[in-house]
Amino acid sequence: MQLRSDWSERAVVDSSAMDWVESPSAGVQRKMLERDGDEVARATSIVRYAPGSHFPRHVHEMGEELFVLEGEFCDESGRFGPGSYIRNPPGSAHAPWSDGGCVLFVKLRYFDPVDQARVVVHTRKEPWLPGLVPGLTVMPLHDFRTEHTALVRWAPGTYFNPHRHYGGEEILVVDGVFEDEHGRYPAGSWLRSPHMSQHQPFSREGCTILVKTGHLIAHTEDAAA
């Protein structure tokens, strides 16, 4: 399956308007935002576990990155409520479940094989740091080489400077409404901007976004080679 798999193209998806699709595991559904491959795929998805559902034990050959949007996600390492950020490195394995149900943002097979750090951040317990402009606060989640992942909170009426994205940028709007000169993106929107793209973002109502930058460069350079 090839779904928005060309990193050189800008992509915008309103996941709230998408239907849920059944996964191979009963009670686990997903909304596919991008995908390159079949069941074993480089993929970005919104995943929903029904109460009491579980997924069979499996290995993440190229890593897994999770952000808990709703409910409580569980595996052998613990229980993770809303706002939990988890990175399971290449070669890790688990058998996840959810007692009461949960909704997750999930990225698969995006890791640099050298990045072996397991990361868990309970973002609702961590401090926010000042951003580059008034009204902007940032919570760093993970950095590796050119890749940077963070939560960014925009107070109402916050405007950022025009800038380019070396290595691209990916955004999930967690709450509120995020905007730029290209459009308006409510909660649940997913945006991918290619290497060296430019925009001038702002938020009139205020919002929180999950942002990843610098991770789309390798594919772009390979394609150009």
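The values are calculated or read from the model by the stated rules, or taken from the named source; none is laboratory data. Bear in mind that the values here come from a model prediction, so they are computed numbers and not experimental data. Using ideal geometry, Cβ is built from the backbone for each residue, glycine included, and neighbour counts are taken over all protein chains shown. To get the accessible areas, we keep the full protein, side chains included, count just its heavy atoms, and leave off ligands, DNA and RNA. Shrake-Rupley method; radii C 1.70, N 1.55, O 1.52, S 1.80 Å.
E205 label point, 7 Å along Cα→Cβ, cut-off 17 Å on backbone N: hits in the range 135-162? Flagged as within label range: 153-159. On the beta carbon distance between M1 and Y159, with R0 = 25 Å, the FRET formula returns roughly 0.05. Counting Cα-Cα pairs of the range 1-134 in 5 Å increments starting at 0 gives whole-percent bin shares of 2, 10, 17, 23, 21, 16, 8, 3, 1, 0. Structural descriptor for the range 135-221: relative contact order 38 percent, calculated from alpha carbon pairs under 8 angstrom and at least 6 residues apart. The alpha carbons of the range 125-225 give a radius of gyration and a Dmax of 13.5, 44 Å, in that order.
Modelled this way, with points 7 Å down the Cα-to-C-beta line, the labels at A95 and H182 are 4.3 nm from one another.
State the three equivalent ellipsoid semi-axes of the range 94-182, derived from the C-alpha gyration tensor as the square roots of 5 times its eigenvalues, in descending order and whole Å. If you can, show how the numbers build up before the last one.
Values: eigenvalues 133, 70, 40 Å².
Three semi-axes, in Å: 26, 19, 14.
When the Cα positions of P56, I209, V28 are compared along the charge dipole of the chain, I209 comes out farthest toward the positive end, with charges on each C-beta of Lys, Arg, Asp and Glu. At q = 0.09, 0.12, 0.14 Å⁻¹, work out log10 I(q)/I(0) for the chain with the Debye formula, treating every Cα as an identical point scatterer and leaving solvent out; two decimals please. Each listed q corresponds, in turn, to -0.35, -0.64, -0.89.
Between V106 and H122, the modelled label-to-label distance comes to 2.4 nm, taking each label 7 Å out from Cα in the direction of the beta carbon.
Under a 5 Å amide H cut-off, with hydrogens placed 1.01 Å from N, F178 pairs with Y185 among residues at least 5 apart or on other chains.
Can you give the longest run of the chain that contains no trypsin sites (Lys or Arg not before Pro) sitting in a DSSP loop with at most 11 other Cβ atoms inside 10 Å?
Counting at most 11 other Cβ atoms within 10 Å as exposed, the longest clean stretch of the chain is 119-225.
Only protein heavy atoms count here; under a 1.4 Å probe, W154 has an accessible surface of about 20 Å². Between M18 and R57, the contour length at 0.36 nm per residue exceeds the Cα-Cα span by 11.3 nm.
Spacing of the modelled spin labels on T146 and M196, each 7 Å from Cα toward Cβ, amounts to 1.1 nm.
At 1.4 Å probe radius, can you tell me the per residue accessible area of the chain in Å²? Each step should come with its number before you reach the end.
Values: 10450 Å² over 225 residues.
Result: 46 Å² of accessible area for each residue.
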